[in-house]
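Participant: Shown below is the structure under consideration.
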Amino acid sequence: MQGGFTALAAAVHSNVFAAVGCHYGIGDLELLASDTHKFESHYLEHLIGPYPEQQERYVERSPIHQLEKIECPVFISHGLRDHVVSVNQAQRMAEALSAKGLEVDVLLFDDERHGYTQEANIAEQLVREFDFFAKAFERSVDLCN
């Protein structure tokens with residue numbers, strides 16, 4: 001599975017994935033509520049509710065607070081110039097998953113924002129993520145045999 005928040009949330013709520021790929025994703029909704037640019041600053045209020053009034057809901061829906069449910073390897077990629085979702089989301093999630101003992105591969109681009117635009121970076125991300133998924137799938141198949 002690939003995506004950002006969706007991939008992490010799917011890994012929290014299902015154990016059917018051999019691996020997930022998180023691209024410039026959100027692991028902590030509280031952090032996003034306080035650390036995004038002005039254009040996105042009220043986006044979560046429409047989806048979750050006003051913060052901090054709905055803080056409990058932000059916590060319960062944040063993958064970073066449900067790490068015990070994630071059982072598969074996670075590939076994380078993020079642009080260091082991302083002003084929508086701060087790179088600290090990726091860094092914190094990678095550290096937390098690694099501390100749990102899960103396999104994590106992190107690819108950071110110093111010249112990308114939220115969504116990759118440079119052909120060389122897109123190619124690098126696709127190749128590295130494909131390799132990560134292939135190894136995870138191979139391990140998953142070996143476990144089934």
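Participant: When residues of region 68-95 are filtered for being more than 25 Å from residue 122 (Cβ to Cβ) and either surrounded by fewer than 19 Cβ atoms within 10 Å (Cβ to Cβ) or at pLDDT below 95 (or both), how many remain? Show your work before the answer.
Facilitator: Narrowing region 68-95 to residues more than 25 Å from residue 122 (Cβ to Cβ): 68-71, 95.
From what is left, the residues that are either surrounded by fewer than 19 Cβ atoms within 10 Å (Cβ to Cβ) or at pLDDT below 95 (or both) are 68-69, 71, 95.
Matching residues across region 68-95 total 4.
Participant: Would a scan of region 44-52 turn up a residue that is at pLDDT below 95, buried (at least 17 other Cβ atoms within 10 Å of the Cβ) and over 21 Å from residue 10 (Cα atoms)?
Facilitator: Yes, some residue in region 44-52 is at pLDDT below 95, buried (at least 17 other Cβ atoms within 10 Å of the Cβ) and over 21 Å from residue 10 (Cα atoms).
Participant: Starting from region 54-80, take each residue that is within 13 Å of residue 21 (Cβ to Cβ) and list its partners that are outside any strand (DSSP E or B) and of a type in the set (Asp, Glu), counting only C-beta distances under 7 angstrom and pairs at least six apart or across chains.
Facilitator: Here the result reads 73/103; 75/129, each pair linking region 54-80 to a residue that is outside any strand (DSSP E or B) and of a type in the set (Asp, Glu).
Participant: Which of (1) part of a loop (DSSP other than H, G, I, E, B); (2) at pLDDT 95 or above; (3) farther than 18 Å from residue 82 by Cα is the odd one out, the single condition residue 8 does not satisfy?
Facilitator: Looking at each condition in turn, residue 8 falls short on (1).
Participant: Of (1) touching a Pro at 6+ places or on another chain (Cβ under 9 Å); (2) crowded, with 16+ Cβ neighbours inside 10 Å; (3) basic (Lys, Arg), residue 135 satisfies all except one. Which?
Facilitator: (2)
Participant: Among (1) more than 12 Å from the chain's Cα centre (by Cα); (2) closer than 24 Å to residue 13 by Cα, which single condition is residue 81 missing?
Facilitator: In the conditions (1) more than 12 Å from the chain's Cα centre (by Cα); (2) closer than 24 Å to residue 13 by Cα, residue 81 misses (2) alone.
Participant: What pairs come up if the first residue lies in region 89-101 and is within 12 Å of residue 74 (Cβ to Cβ), the second is surrounded by fewer than 15 Cβ atoms within 10 Å (Cβ to Cβ) and not small (Gly, Ala, Ser), and their beta carbons are under 6 Å apart, counting only those six or more places apart or on different chains?
Facilitator: Going by the 6 Å Cβ cut-off, there are no qualifying pairs.
The values are calculated or read from the model by the stated rules, or taken from the named source; none is laboratory data. Computed from a predicted model, the values in this text were never measured in an experiment. Here Cβ is always computed from backbone atoms with ideal geometry, including for glycine, and neighbour counts include all displayed protein chains.
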